[in-house]
Amino acid sequence: MGNEINCVLCSAALTSFKYRPMPQWNISGLLCGQCYDKRLLEHYIQPERRAITKK
Ligand SMILES: [Zn+2]
């Protein structure tokens, strides 16, 4: 019971692959590969946003 984990962004069931979001994404929970990739891409595509990141 309570073993099922879902991606916090798209709610896909996470089975063998789950990814921990980076702390600066402010996401609590786990991500599927797709959402993780997407976030990672966004993170690197918008370097200016990194400077704005609050502590
Ligand atoms: Zn997802």
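So the values come out like this:
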item	result
Matching residues, the stretch 30-49, being of a type in the set (S, T, N, Q) and within 14 Å of the ligand (Cβ to nearest atom)	34
The stretch 14-29, residues that are hydrophobic (A, V, I, L, M, F, W, C) and more than 10 Å from the ligand (Cβ to nearest atom)	17, 22, 25, 27
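Yes/no per residue for (1) aromatic (Phe, Trp, Tyr); (2) at pLDDT 95 or above; (3) open to solvent by 80 Å² or more (accessible area, probe 1.4 Å):
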{"position": "1", "(1), (2), (3)": "no, no, yes"}
{"position": "4", "(1), (2), (3)": "no, no, yes"}
{"position": "16", "(1), (2), (3)": "no, no, yes"}
{"position": "25", "(1), (2), (3)": "yes, no, no"}
{"position": "30", "(1), (2), (3)": "no, yes, no"}
{"position": "44", "(1), (2), (3)": "yes, no, yes"}
{"position": "48", "(1), (2), (3)": "no, no, yes"}
{"position": "53", "(1), (2), (3)": "no, no, no"}
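The values are calculated or read from the model by the stated rules, or taken from the named source; none is laboratory data. Remember, it's a predicted structure, so these values are computed and weren't measured experimentally. Note that we place each Cβ from the backbone using ideal geometry, even for glycine, and neighbour counts take in every protein chain shown. For accessibility, only protein heavy atoms count, side chains too; no ligands or nucleic acids. Shrake-Rupley method; radii C 1.70, N 1.55, O 1.52, S 1.80 Å.
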